[in-house]
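What follows is a short report on a single structure.
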Amino acid sequence: EGEVGITYRVLRDILPKSWCHPGPLEALRMAALLIDNGDWYAIARRAELYVLAGHLEEAVAEFERAGIGAQHQGYLKDASRVFSLAVKTAKAALNDPGYVPDKSSDEDSLERTSARCRARAKAVRLRMQRVAGTT
């Protein structure tokens, strides 16, 4: 369930059925294979692999990028889902005992990103409602 369940569904589509569910190192290696792909869907897949690998800060940034890309291409439902994943992942990162807060400003960078993504998800949902209301 959660991030691991999402990632497993993605991996099930990518990997041969004979492969096992990858551990953190394998997930990180797979994420590296997607580095040069700028498609929002591939970026979202990379973010899910980062979650599985335990690199939550990188995952949050990638989820945000993917959401922006999906929004620009008109995939509003997907954009809203990806922004919500960014918020959920940011919360998990902030609650991680090993997380070191950003002391360079009054507000932590993960909290700022989470707030941006919450606002974007809300704006996308409102836009979807307006579009649905006009059709």
Q) Going by a ≥ b ≥ c, the root eigenvalues of the Cα gyration tensor, does segment 25-102 fall in the rounded group (a/c under 1.5), the prolate group (a/b larger than b/c) or the oblate group? A) oblate
Q) Which sequence of S80, S104 reflects their accessible areas, 1.4 Å probe, from the largest down? A) S104, S80
(Q) I need the calculated FRET efficiency for the pair R127 and E107, taking r as the beta carbon distance and R₀ as 22 Å, to the nearest 0.05. (A) 0.25
**Q.** Whole-number accessible area per residue in Å² for segment 15-135, which is evaluated in the context of all protein chains at 1.4 Å
**A.** 59 Å²
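The values are calculated or read from the model by the stated rules, or taken from the named source; none is laboratory data. All figures in this text were calculated on a predicted structure; none of them were measured in a lab. Note that each Cβ is placed from the backbone with ideal geometry, even for glycine, and that neighbours are counted across all protein chains shown. Ligands, DNA and RNA are stripped out before the accessible areas are found, and what is left, the full protein with its side chains, is counted by its heavy atoms. Shrake-Rupley method; radii C 1.70, N 1.55, O 1.52, S 1.80 Å.
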